[in-house]
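All remarks here apply to the structure that follows.
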Amino acid sequence: MHPKKIAAHTLLLMLLLGGKANALPSDREQPIHISSDSAQRSQKTATTTYKGNVVLDQGTLHIEADKLIITQSTDGALSKVRALGKPARLSQRPSIDKQVMRARGETIDYLPAEQLLLLIKDASIDQDGTVINSGEIKYLISGQIVKANSSEKQRVQVVIPPAKKETPASPSKPASGQTIEKQ
């Protein structure tokens, strides 16, 4: 396929990707940039495959993979995004008041119709200090529900950070009603 046609199809597919629900609102309005060593589009299967050091950026969304496969349904809507790597990595800031969410897995599937992010094999999600490692992790975006399942080689492991404590009054400033004497 001619490189200009690949670029046009890529742009169309990426515009459809912009509807992702778990992102800063401005992410959907940002242009999508994909770089890879190669790209191939199949009109018959409505699939575009990017290979070799694939990087996708749209606003705060960042994906790194060895291979990225984007599939459309018959009506042209985005039906699946699959990132493959050792591991594939995804990061995104879900909202202005949240830290960046980082996810990894040998396979990362995004299914927009189901609002599902699926991380398979050596899966991990890290956000705000909470870390989940597992054989498989399902993140139901609309309900903000994370489900982790063990595999034969990897049990579910969760790290929950301690609650943040309020900082005490500074020693140089007395608390209300107190005085500090100098010696």
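What to note about this one:
- The phi-based Karplus calculation (6.51 cos²θ - 1.76 cosθ + 1.60; θ = phi - 60°) puts the 3J(HN,Hα) values of the range 87-101 at x, 7, 10, 9, 9, 6, 8, x, 7, 4, 8, 10, 6, 4, 8 Hz, whole numbers, x for Gly and Pro.
- For Lys67, a cut-off of 15 angstrom between C-alpha atoms picks up these aspartates and glutamates, skipping any fewer than 8 places away in its own chain: Asp37, Asp57, Glu106, Asp109.
- Local net charge near Lys51, Cβ-Cβ under 11 Å (Lys/Arg +1, Asp/Glu -1): -1
Every number in this text was worked out from the coordinates using simple rules, so none of it is lab data. From a predicted model like this one, the values you see are computed outputs, not experimental measurements. For neighbour counting, all protein chains shown are included, and Cβ atoms are generated from backbone atoms with ideal geometry for every residue, glycine included.
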